[in-house]
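A.B. asks: Would you mind keeping the following structure in view while I ask a few things?
The values are calculated or read from the model by the stated rules, or taken from the named source; none is laboratory data. A quick note: this is a predicted structure, and the numbers were derived from the prediction, not measured. For neighbour counting, all protein chains shown are included, and Cβ atoms are generated from backbone atoms with ideal geometry for every residue, glycine included. Accessible surface is based on the protein model in full, side chains and every heavy atom, while ligands, DNA and RNA are left aside. Shrake-Rupley method; radii C 1.70, N 1.55, O 1.52, S 1.80 Å.
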Amino acid sequence: MTCGTLQGYRNHRAFGTTPCPACRTVYERLYGPDEPRADGKPVPAFDAVKEARVEREKRARRFATKIAHGTYQGYRAHLRNHERPCMACKDAYAAYMLTIRTTQKGPRQ
């Protein structure tokens, strides 16, 4: 981290650490001091960075599902996680599709 620069200040905020005086000076020289909130505390300058990180973590947790390998649900979980399905899941998917195709009624007459 390069302290004493605007990027250094942003890195402090992104990693949740208190900016050092050198970084805070650079930030305040460019943007002025942080505006106080209604409760009197200063507004964090890069709340948007923190919110974006939280959203990325939520998205990552949503896709981090347990995979029941060798099942149709496992095949779908691989696809939801943007992964290539394993061979056991591919075989289960093929068997499932075969049963679907063979149990469906023929064309209407």
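A.B. asks: What are the residue pairs meeting all of these: first residue in the stretch 1-24, first residue within 24 Å of Val54 (Cβ to Cβ) and touching a residue at least 12 places away in the same chain (Cβ under 8 Å), second residue polar (S, T, N, Q) and open to solvent by 60 Å² or more (accessible area, probe 1.4 Å), Cβ atoms under 8 Å, and 6 or more apart or on different chains?
C.D. replies: Gly8/Thr2
A.B. asks: Take the residues in the stretch 25-34 that are more than 21 Å from Ala52 (Cβ to Cβ) and in a loop (DSSP other than H, G, I, E, B), then tell me which one is modelled with the lowest pLDDT.
C.D. replies: Pro33
A.B. asks: Within the stretch 75-93, track down each residue that is more than 19 Å from Ala60 (Cα to Cα) and either of a type outside the set (Gly, Ala, Ser) or open to solvent by 80 Å² or more (accessible area, probe 1.4 Å) (or both). Walk me through it before giving the result.
C.D. replies: Pass one, the stretch 75-93, residues more than 19 Å from Ala60 (Cα to Cα): 86-93.
Selection gives Cys86, Met87, Cys89, Lys90, Asp91, Tyr93.
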